[in-house]
Amino acid sequence: MGIQSQSAFEQAYKLMEICCLEEAGTVLNDTLTSDLDNKDIVYSIQYCAFWQKTLEKLPKLDSFDQGESLVNHWKDFMTVIQPAKVLKESEFLGKTVYSLKKGIFSQALECYTRALDRSTGDESLCAEINRKRGLCYKKLGSYENALECLSQSVQLLPNNAAAVAEKADCYALCGETRYAKLLFKEAFFMNARKIDFDFLDSPLINLLINEVRAKGYEGDALHEWIPVYGVLLGVFNKKRELKFLEVLRLKQEIYSRENELKDPSCNSAVVTPRLINLYFRLIDHYVLSKENIASINEILLKIRDHDRTIWKIYVNE
């Protein structure tokens, strides 16, 4: 790539970072006339055009929906461009994606912050807005601000699995592995299917997701098997003793899931891993509370009856 093209890219990157995408596209188009075979320029122009169209639709939406549009379009954008491949093949395209990410999530953060100012009194909405603000800060690399927003979200809605998972992801990215493992384990217990993998960035969780996906699981089944293999592979290895009401609710759900599996029409591909995860949690509690070994063995036999392979791996740890 020539010096002129490199200079144009540097100028375009700065414009992308402040969401001046039409201007960035113009800079790159002017350079393309003297470097027609440069695919990096062509693709970068296309990326800017995609986001310019998205930005043009924002004024019709309220502040919260503006933020939602940007975040959701980013998810679609990343699915199409396959960033791992882009980063591997082209340094310049990688910087284009990075600059766009900075611009888009900065803009989304502004939208959500405006929405938060207008959402007084609606705790559920405030929790969701703070979760999304935390996501934006995390994408921008501002982990301290991200954790502050996510903590506020969890404080308002303690059982919000998505917010807890995002908080765990932040801790993992900050190198606080112990907290990350504990919170990921809690999030996947709360509601594994509410966790959006596309916005989890830490190697800690993504390596686990890829490992389980490689076993052939997809969709809801993938979400439910993550915590099971998280335990088996030593990722979700942090344990805590449960409170009385937590134990009661856990046993009630175990009873309900066991009965559900007796129905031939049930979705066993999803119910079975959920039940095994419940068993693991009950065993953790029994171990920490020094319950008699007979109670633990009873649960182990149930795991064996549902999935002998999982049982073998678990008892040999």
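The values are calculated or read from the model by the stated rules, or taken from the named source; none is laboratory data. For clarity, every value in this text was computed on a predicted model and none was experimentally measured. Note: ideal-geometry Cβ built from the backbone for every residue, glycine included; neighbour counts use all protein chains shown. Areas reflect the complete protein model, heavy atoms only, side chains present, ligands, DNA and RNA absent. Shrake-Rupley method; radii C 1.70, N 1.55, O 1.52, S 1.80 Å.
Here are the numbers for this structure:
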{"item": "Cross-link partners of Lys302 among aspartates and glutamates (Cα-Cα below 16 Å; sequence separation of 8 or more within a chain)", "result": "Glu253, Glu258, Glu260, Asp284"}
{"item": "In the stretch 181-255, the trypsin sites (Lys or Arg not before Pro) that fall in loop regions by DSSP, at most 15 other Cβ within 10 Å", "result": "Lys215, Arg240, Lys243"}
{"item": "Share of carbon and sulfur in the accessible heavy-atom surface of the stretch 1-80 [1.4 Å probe, %]", "result": "52 percent"}
{"item": "Length gained when the stretch Gln6-Leu288 is fully extended (0.36 nm per residue, less Cα-Cα span)", "result": "95.6 nm"}
{"item": "P(r) weight above 23 Å for the stretch 32-155, C-alpha pairs, percent", "result": "38 percent"}
{"item": "Sparse-neighbourhood loop sites, trypsin sites (Lys or Arg not before Pro) in the stretch 13-90 - DSSP loop, at most 12 other Cβ within 10 angstrom", "result": "Lys57"}
{"item": "Mean shadow area of the chain over all directions, Cα convex hull, nm²", "result": "19.5 nm²"}
{"item": "Accessible surface of the stretch 132-266 [probe 1.4 Å, protein heavy atoms]: carbon and sulfur percent", "result": "49 percent"}
{"item": "Reach of Lys243 by Cα under 16 Å, taken over lysines that are not fewer than 8 positions away in the same chain", "result": "Lys251, Lys290"}
{"item": "In Hz, Karplus ³J(HN,Hα) per residue of the stretch 159-165 (6.51, -1.76, 1.60; θ = phi - 60°; x = Gly, Pro)", "result": "9, 7, 4, 4, 5, 5, 5"}
{"item": "Solvent-accessible area per residue for the chain (1.4 angstrom probe, square angstrom)", "result": "52 Å²"}
{"item": "The stretch 67-145: chymotrypsin sites (Phe, Trp or Tyr not before Pro) falling in loop per DSSP and having at most 15 other Cβ within 10 Å", "result": "none"}
{"item": "Calculated FRET efficiency for the pair Thr113/Glu144, C-beta based, R₀ 22 Å, to 0.05", "result": "0.85"}
{"item": "Size of electric dipole in the chain: Cβ of Lys, Arg +1 and of Asp, Glu -1, about Cα centre, debye, nearest 20", "result": "1040 debye"}
{"item": "Summed side-chain charge close to Ser142 - residues other than Ser142 whose Cβ falls under 12 Å, Lys, Arg +1, Asp, Glu -1", "result": "+2"}
